Amino acid sequence: MTVMTIGPIDAPIAVLYCGDAYVIRPTLGFMDADVMDPPYLIRASGAGRYRKRRPMMDILMAEGLHRGFDMDIIDPRRCGSAIVFAHNDQLVQLLARVQGFNRHALCVWQKTNPQPLANKHYRPDVEFYVHAWNRGYHPQGDMSDKLRVSRIGSPRGAARFDHPTTKPDDLMTKIMRNVAGERICDPFMGTGSTGVAAIRAGKRFVGIEHNPKHFETAVARIGAAIEETA
Ligand SMILES: C[S@@+](CC[C@H](N)C(=O)[O-])C[C@H]1O[C@@H](n2cnc3c(N)ncnc32)[C@H](O)[C@@H]1O
């Protein structure tokens, strides 16, 4: 396991771990929010003639990012709130898992430029995330504010940073402005999109990623975000 600390040693702005989330997250104690974009459970075959237009799907499968994740990592005793992205096929299990929080909302990222893929299904023009919270950690944003809505419309964005599922900055910025508290953890950090949004929102960030290549990208991106906001 590698640990990278950025900022003062007694109050770091970011602490980044290269290692296994299931081992490391339980050792980190309470966070204001766990914000995660874990591996989706995806039926990666099919899509007919559109399949060859999706080379990123091959990378996604090669990295094992179609196999889902263990939802025990979402623990209402260990965080004030949790934001968790999920594929359609994971929603029933995810909604059951967040019942341990005080309340939750099912939120939608509506892609303004969805994949041209609809063989025997709807086009993948929406992705879901659940925002679940305990007392004192409810969604932030003025009531008159457009931010306090459970839907964001934004483009899917091109694949970035040599990662098949990097989340767009505007999506993560909106989400981060809804999150209560200062200490944010992303146990499936990827290239660090949650971390960049957290730093830009003036929060502190703890991230975990087991793929060394993506970990290095996250270190560089989050380091740059810290410099940019200094
Ligand atoms: C869906 S991607 C996250 C992408 C990220 N939101 C971004 O914008 O770059 C999930 C990430 O979790 C990582 N991952 C999967 N299983 C893991 C584990 N057990 N421990 C740590 N990281 C893991 C994968 O390598 C992948 O980069």
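The values are calculated or read from the model by the stated rules, or taken from the named source; none is laboratory data. Since the model is a prediction, treat every value here as computed from it, not as a measurement. Methodologically, a virtual Cβ is constructed for each residue, glycine included, from the backbone with ideal geometry; neighbour enumeration extends over all protein chains shown. For accessibility, only protein heavy atoms count, side chains too; no ligands or nucleic acids. Shrake-Rupley method; radii C 1.70, N 1.55, O 1.52, S 1.80 Å.
The figures follow:
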quantity: Cα centroid separation - the stretch 141-208 against the stretch 10-32, whole Å; calculated: 18 Å
quantity: Label-point separation, Asp72 to Ala159 (7 Å along Cα→Cβ), nm; calculated: 3.3 nm
quantity: Karplus-derived 3J(HN,Hα), 6.51/-1.76/1.60, for each residue of the stretch 89-100, Hz, glycine and proline x; calculated: 6, 9, 5, 4, 5, 5, 5, 5, 5, 7, 4, x
quantity: Antiparallel bridge percentage (DSSP; both residues within the stretch 2-229; nearest 5); calculated: 50 percent
quantity: Cα convex hull of the chain - mean projected area over all directions, nm²; calculated: 12.4 nm²
quantity: Sequence ranges 69-75, 3-9, ranked by mean other-Cβ count within 10 angstrom, highest first; calculated: 69-75, 3-9
quantity: Range of Cα positions in the stretch 133-191 per principal axis (Å), largest first; calculated: 38, 25, 14
quantity: Where the chain is the region considered: accessible area per residue in Å², 1.4 Å probe; calculated: 50 Å²
quantity: Amide H within-cut-off set for Gly19, under 5 Å, with H built and near neighbours excluded; calculated: Glu209, His210
quantity: Sulfur and carbon atoms: percent of accessible area, the chain [1.4 Å]; calculated: 53 percent
quantity: Cut-off under 5 Å, modelled amide H: who pairs with Cys185 long-range; calculated: Ala33, Asp34, Val35, Val206
quantity: Using θ = phi - 60° and Karplus 6.51 cos²θ - 1.76 cosθ + 1.60, couplings along the stretch 27-42 (whole Hz; Gly, Pro as x); calculated: 7, 8, x, 6, 10, 4, 8, 9, 10, 9, 10, x, x, 7, 8, 10
quantity: Phi to ³J(HN,Hα) by Karplus 6.51 cos²θ - 1.76 cosθ + 1.60 over the stretch 151-159, Hz, x for Gly, Pro; calculated: 9, 10, x, 7, x, 5, x, 6, 4
quantity: Among Ser144, Ser81, Ser154, residue whose mean-square fluctuation peaks in a GNM of the chain (springs only between Cα atoms under 10 Å); calculated: Ser144
quantity: 222 nm mean residue ellipticity, helices alone, for the chain (DSSP H n ≥ 4; -39,500 (n - 2.57); rounded to 500); calculated: -7000 deg cm²/dmol
